[in-house]
Amino acid sequence: MNVQPLKNRTILITRARQQAGRLSRELQVLGAHVIEIPAIEIVPPESYAPLDTALRHMQKYDWLIVTSANAVRVLGERMAAVEKSPEEFAHIRCAAIGPATAEALRGLGLPVALVPEKYIAESFAEALRGHVAGASVLLIRAAIARDVIPDELRKVSAKVDVVDAYQTVLPPASVTNMRKIFHPDQSRDSIAKSSASLPLSALPDAVTFTSSSTVTNFFQLLKNAGIDFLPRQVKAISIGPITSTALREHGWEPAAEADPHNVEGLVQAVISSLSPR
């Protein structure tokens, strides 16, 4: 049995720096050389006022829905800021989009009543529909997220308040690092689309993507770095179907998709897509 199936492989991780640690460690244990170039940076929303107001009036809600561990982290910070204890949430049922988010909620002392079988918005909305008809719901999420969950829940007459816990932006330093990886010190002629691609030693074997926003921002970083294509031998590894769709919209067919749609599944997808040299 090969205990280091990723030995001599280089994997580029696009996840936000605050979230990349576990994925990096698991890939390194398997022998991979990991490069972290975050495609997103997590920053505060325009204002915490809507979230703080909602937390001060938690008695009006029946359900609390949280869509990421980052949102839970901010929830905990704002609970402390407005002096709300977990006991004041005792009447509320909590739902989390995946096990990492559920674990984070439990870490705040909030029991979790529902986690969908598949960790995507569509599955989350479907799992919730039968529970929230006519209920009052607080949804805490990232700014500019897809509206699948609130739209579907409103179809069953749920009263849904959506508040932003954080927003994601392009990390400025990542442009420089992207240029170093995908446009090393070689002439432009040597990396023309019609010619041989860059030497394998200069490139990652695969790039992992953990959300559609990492895909969108990755291509924006390439554009900002003056890079208008990707070398053929670099593989894209996706965490799930929404992320895969985003990759295809940019003309990049994923070499593998995680199943389940979490870090463990993503690691296995990397292994399956990169056969030994």
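The values are calculated or read from the model by the stated rules, or taken from the named source; none is laboratory data. Being a predicted model, the structure only gives us computed values, none of them experimental. Counting neighbours? That spans all protein chains shown, and the Cβs are built from the backbone with ideal geometry, glycine included.
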Any hit, the range 95-105, residues being surrounded by fewer than 16 Cβ atoms within 10 Å (Cβ to Cβ), touching a Leu at 6+ places or on another chain (Cβ under 9 Å), of a type outside the set (Gly, Ala, Ser) and more than 23 Å from residue 213 (Cα to Cα): no
Report yes if some residue within the range 60-71 is farther than 17 Å from residue 143 by Cα and without any contact (Cβ under 8 Å) to a residue 24 or more places away in the chain; otherwise report no. no
Can you name the residue in the range 29-43 that is touching a helix residue (DSSP H, G or I) at 6+ places or on another chain (Cβ under 8 Å) and not in a strand (DSSP E or B) and, of all such residues, is farthest from residue 176 (Cα to Cα)? 30
Members of the range 217-240 that are assigned to a helix (DSSP H, G or I) and surrounded by fewer than 17 Cβ atoms within 10 Å (Cβ to Cβ): 220, 223, 224
Matching entry among 77, 87, 83, 36 (being in the same structural domain as residue 208 (by TED's automatic domain parsing) and acidic (Asp, Glu)): 36
Can you tell me which residue within the range 135-158, out of those that are in contact with an Asp or Glu (Cβ under 9 Å, 6 or more places away or on another chain) and surrounded by fewer than 17 Cβ atoms within 10 Å (Cβ to Cβ), is nearest to residue 91 (Cα to Cα)? 136
Which residues, counting only those in the range 106-120, are crowded, with 19+ Cβ neighbours inside 10 Å and at pLDDT 95 or above? 110
Flagged in the range 244-263 as surrounded by fewer than 19 Cβ atoms within 10 Å (Cβ to Cβ) and without any contact (Cβ under 8 Å) to a residue 40 or more places away in the chain, in numbering order, are 245, 248, 249, 250, 251, 253, 259
When you check residue 248 against the structure, is it modelled with pLDDT under 95 and of a type in the set (D, E, K, R), yes or no? no
Among the candidates 44, 38, 86, single out the residue that is under 25 Å from residue 144 (Cα atoms), surrounded by fewer than 18 Cβ atoms within 10 Å (Cβ to Cβ) and touching a residue at least 24 places away in the same chain (Cβ under 8 Å). 44
Exception for residue 18 within (1) surrounded by fewer than 16 Cβ atoms within 10 Å (Cβ to Cβ); (2) closer than 22 Å to residue 144 by Cβ; (3) modelled with pLDDT of 95 or more falls at (3)
